[in-house]
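First the structure, in the form of structure tokens, and then the observations on it.
The values are calculated or read from the model by the stated rules, or taken from the named source; none is laboratory data. Just so it is clear, the structure is predicted and the values come from calculations on it, not from any experiment. Cβ coordinates were reconstructed from backbone atoms using ideal geometry, including for glycine residues, and neighbour counts include every protein chain displayed. Protein only, heavy atoms only, side chains kept; ligands, DNA and RNA dropped before computing areas. Shrake-Rupley method; radii C 1.70, N 1.55, O 1.52, S 1.80 Å.
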Amino acid sequence: VAVAFLKDKRKVCAIMGPPGSGKTTVTIFKLIAFAVSMPKNRDGVRRCKVMVIRDTYRQLYKTTIASWLSWFPLKHYPHFTGGSDRPAEHRIAFELPNGDKLDIIMEFAAIGENSVETITRGWEGNAAWLNEANYLPPDVLDALRSRVLAGRYPPAKDRLPGVPVPALVVCDFNAPDEESWVVERLVEGDPKDVGFHRQPGARSPEAENTQNLNAGYNEELARGMPKWKVKRDIDNMVGISRDGMPVYEDWDDDVHLSKVPLDPVPGIPLDLGFDQGLHPACVITQTM
């Protein structure tokens, strides 16, 4: 699945996978592959600018930037600016095997208390990475998609005439709950517009990247988790929202939700129990 995601040529691509499935790494190299595909400029250099968005600066530096620097360490690519509570930029340049020169600017930012418009206003680039996209506001996808589709980087004066500029938005995330915007926009999105790739669950025989994990990693991770969380986090299945305090802690979606529509049994009265408080609700029952 990770390979299919890597090779997908659609302008918006998303990958959903359990912890340790390698989705962050394959996303990084999808961006590198995209940068390599950029057309040459007048000076013969392939140039690409990427914006990377995370929910908070703490998570940005702790996970996203840490993963990026594990592949492109500062000892080899020292042009890094930023701090633990503000945007960062990492510029990497190297020569490809065919002798072409590649120049990539990675700009890292977090939404935090900012609006999406504040982060993206005036930005010009070729690609965007929505890391852990389900923790980001839904309008970030549209905002960055519009910026990369504009094709304003590199500036027109530096490009060869008549050569189109590619665009890409990539999203990675663990399985969300059903109310997350990524379900409607990415998981269930139109395949003509969105390339969605769901990796196998971590306990599946087809689980990916297991060769790079400690033996028993997923079993240990699932130990003590409630069933609903294992289903979502480990088995990589979209889950039901559990906002607020559950009334029944032992609720099990697989046991207590019907797989088929329930029809009333003819001839037996329906009992309707209403709660007309702050959040009105109705329970419909039949006594068999």
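Selection within segment 13-34: residues that are of a type in the set (G, A, S) and not in a loop (DSSP other than H, G, I, E, B). The member of this set that is nearest to the chain's Cα centre (by Cα) is A14. Here is the figure for segment 22-53: residues that are open to solvent by 20 Å² or more (accessible area, probe 1.4 Å), on the phi < 0 side of the Ramachandran plot and not β-branched (V, I, T) total 11.
Filtered by the rule that a residue be farther than 25 Å from Y135 by Cβ and of a type outside the set (A, V, I, L, M, F, W, C), segment 18-47 gives S37, P39, K40, N41, R42, D43, G44, R46, R47. Summed over segment 242-280, the residues that are under 19 Å from E179 (Cα atoms) and modelled with pLDDT of 90 or more give a count of 0.
The number of residues in segment 215-247 being open to solvent by less than 70 Å² (accessible area, probe 1.4 Å) and of a type in the set (A, V, I, L, M) comes to 7. Give the residues of segment 212-233 that are at pLDDT 85 or above, polar (S, T, N, Q) and either assigned to a helix (DSSP H, G or I) or in contact with a Phe, Trp or Tyr (Cβ under 9 Å, 6 or more places away or on another chain) (or both), sorted by residue number. Passing the criteria: only N212.
Of all residues in segment 120-179, those being closer than 23 Å to P18 by Cβ, buried (at least 17 other Cβ atoms within 10 Å of the Cβ) and either touching a residue at least 60 places away in the same chain (Cβ under 8 Å) or of a type in the set (D, E) (or both) number 16. Exactly one residue among S241, S204 is outside any strand (DSSP E or B), within 26 Å of F5 (Cβ to Cβ) and in contact (Cβ under 8 Å) with a residue 24 or more places away in the chain, and that residue is S204.
Of all residues in segment 48-106, exactly one satisfies the criterion of being basic (K, R), more than 26 Å from A133 (Cβ to Cβ) and in contact (Cβ under 8 Å) with a residue 24 or more places away in the chain, namely K101. For the residues L136, L149, L168, the requirement of being in contact with a helix residue (DSSP H, G or I) (Cβ under 8 Å, 6 or more places away or on another chain) and either acidic (D, E) or within 22 Å of D8 (Cβ to Cβ) (or both) singles out L168. Considering segment 102-118 alone, what residues qualify as being over 18 Å from the mean Cα position of the chain (by Cα) and surrounded by 15 or more Cβ atoms within 10 Å (Cβ to Cβ)? Selection gives L102, D103, I104, I105.
Among the residues making up segment 248-281, a single one is open to solvent by less than 90 Å² (accessible area, probe 1.4 Å), part of a loop (DSSP other than H, G, I, E, B) and of a type in the set (D, E, K, R): D252.
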